[in-house]
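Read the structure below first, then the notes.
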Amino acid sequence: MKLKKMTAVAMAATMVLGNSMIVLADEAVNGATGTGTAFEHLNKEIITVTLPLDSQVENVFNYYVDPERLVNEAEKLANGTDATANADGVYFSVDSDFASTSAAVSFEGNNSVAVDVTVAATVESADTDIALVADADALAAATAAKTPALLMTLNVGDESVAITENGGSTKATIAGVEDNFEVTVGDDGYEYTIISDPADWNSVDVTLSGKTNNVDVTEGMTAPTISLTWTVAKHVDSYFSSLSIGSAGVTLNLPEGTTITSVVLNKGVDNDVVLASGNTYTLSGTTFTVKSAIIEAYPGKTVTVTFSDGTSEVLTIA
């Protein structure tokens, strides 16, 4: 019996040793290498916007001006075309008739992030043109003076600006629809693509609206030619990386093609001052700086910076 017991103990010890690995001091230990793979950046900022075709804007913004309200009596344009009279005395061709607001030209977004559509108007005027005015008060003043005048308004989405002899510009934002996109794997790796059943996209409409005063015109009077151009860029909440002006200047983040058109020192009611470039402020590269004399004289005051796309930002003098 003692012999059997000793044999069992010996077998158990052998099994334990058989499941272990003994490393001697002069032996090398094998290892393993992990190779890392980094996925490349996937651009999820899609700013695709479908612009109107030339065929879709042809003749849309052509217009007739009728200060004497002759259409009201004749119920026709001078060329004999039937036209429904309107109170504003301006006629754009819309759906086989005429109206004082043009047909809408649409900009359709397929964008994941917010996109700005900026529309700029330029005017080709002649000495014989009916004068463009900036607002309803100016139109009323021209009426009192018995001078033909035209108030032409550029509408981009919910934003509007009067077009003067110097033109005009404004912009509107097409909100992105991020949920309409998904990450997929294509032949070249990850892709950011539109889902198979996207929700409705957003869009912005552009129109012109006109109004002329009701006065007699002189012989040979003409109407100004208005040209529109548009640009599309990713929406930027602020063109400035800071909202206060210090001696080191303020960094700008302007979209391509956008410039500063005016800088006004807000001193108080009826006391604002238009600052002159070079004398009171500078724009060097992307840095906007107000001269130290202004900073020292008007701490805490503000300046209003207006850009060529019609937007403005207010900065505090530090």
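Quick look at the values:
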item: Residue list for the range 127-144, filter: charged (D, E, K, R) and part of a loop (DSSP other than H, G, I, E, B); result: ASP127, ASP135
item: Condition check for GLY300: surrounded by fewer than 17 Cβ atoms within 10 Å (Cβ to Cβ) and either assigned to a loop (DSSP other than H, G, I, E, B) or without any contact (Cβ under 8 Å) to a residue 40 or more places away in the chain (or both); result: yes
item: Test: VAL57 is within 30 Å of ASP200 (Cα to Cα), of a type in the set (Val, Ile, Thr) and surrounded by 10 or more Cβ atoms within 10 Å (Cβ to Cβ); result: yes
item: Residue count for the range 145-169, restricted to those that are in a loop (DSSP other than H, G, I, E, B), of a type in the set (S, T, N, Q) and over 20 Å from TYR91 (Cα atoms); result: 1
item: Single condition TYR239 does not satisfy, out of (1) at pLDDT 95 or above; (2) not assigned by TED's automatic domain parsing to the domain that holds GLU108; result: (1)
item: Qualifying residue in the range 203-223 (condition: aliphatic (A, V, I, L, M) and in contact with a Pro (Cβ under 6 Å, 6 or more places away or on another chain)); result: yes
item: Check on VAL215, assigned by TED's automatic domain parsing to the domain that holds ALA145 and within 19 Å of SER169 (Cβ to Cβ); result: no
item: Residues that are in contact with a Ser or Thr (Cβ under 9 Å, 6 or more places away or on another chain), of a type in the set (A, V, I, L, M, F, W, C), more than 26 Å from SER106 (Cβ to Cβ) and without any contact (Cβ under 8 Å) to a residue 60 or more places away in the chain, drawn from the range 139-171; result: ALA141
item: Condition met for ASN155 (at pLDDT 95 or above, polar (S, T, N, Q) and either touching a helix residue (DSSP H, G or I) at 6+ places or on another chain (Cβ under 7 Å) or within 22 Å of ASN62 (Cα to Cα) (or both)); result: yes
item: Selection status of ALA126, of a type in the set (Gly, Ala, Ser) and surrounded by 15 or more Cβ atoms within 10 Å (Cβ to Cβ); result: no
item: Unique residue being over 29 Å from THR84 (Cα atoms), surrounded by fewer than 14 Cβ atoms within 10 Å (Cβ to Cβ), more than 28 Å from the chain's Cα centre (by Cα) and of a type in the set (Asp, Glu) when the list is ASP97, ASP188, ASP137; result: ASP188
item: Tally, over the range 278-316, of residues that are more than 20 Å from the chain's Cα centre (by Cα) and either within 30 Å of ILE163 (Cβ to Cβ) or not hydroxyl-bearing (Ser, Thr, Tyr) (or both); result: 20
item: Residues that are surrounded by 11 or more Cβ atoms within 10 Å (Cβ to Cβ) and in a strand (DSSP E or B), drawn from the range 170-183; result: THR170, LYS171, ALA172, THR173, ILE174, PHE181, GLU182
item: Every residue from the range 257-273 that is within 13 Å of VAL303 (Cβ to Cβ) and either in a strand (DSSP E or B) or among the hydroxyl-bearing types (Ser, Thr, Tyr) (or both); result: ILE260, SER262, VAL263, VAL264, LEU265, ASN266, VAL273
item: Residue in the range 239-258 that is exposed (fewer than 13 other Cβ atoms within 10 Å of the Cβ), more than 15 Å from THR306 (Cα to Cα) and of a type in the set (A, V, I, L, M, F, W, C) present; result: yes
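Residue by residue, here is whether (1) surrounded by 10 or more Cβ atoms within 10 Å (Cβ to Cβ); (2) of a type in the set (S, T, N, Q); (3) modelled with pLDDT of 90 or more; (4) part of a loop (DSSP other than H, G, I, E, B) holds:
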| position | (1), (2), (3), (4) |
| --- | --- |
| VAL23 | no, no, no, yes |
| ASP26 | no, no, no, yes |
| THR33 | no, yes, yes, yes |
| ALA38 | no, no, yes, yes |
| LEU42 | yes, no, yes, yes |
| THR48 | yes, yes, yes, no |
| PRO52 | yes, no, yes, yes |
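Residues checked against (1) among the hydroxyl-bearing types (Ser, Thr, Tyr); (2) touching a Cys at 6+ places or on another chain (Cβ under 6 Å); (3) free of Cβ contacts under 8 Å to residues at least 60 places away in the same chain; (4) outside any strand (DSSP E or B):
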{"position": "TYR190", "(1), (2), (3), (4)": "yes, no, no, no"}
{"position": "PRO198", "(1), (2), (3), (4)": "no, no, yes, yes"}
{"position": "GLY210", "(1), (2), (3), (4)": "no, no, no, no"}
{"position": "ASN214", "(1), (2), (3), (4)": "no, no, no, yes"}
{"position": "GLY220", "(1), (2), (3), (4)": "no, no, no, yes"}
{"position": "ASP237", "(1), (2), (3), (4)": "no, no, yes, yes"}
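The values are calculated or read from the model by the stated rules, or taken from the named source; none is laboratory data. Just so it is clear, the model here is predicted, and its values are computed rather than measured. Ideal geometry is used to build each Cβ from the backbone, glycine not excepted, and the neighbour counts take in all protein chains shown.
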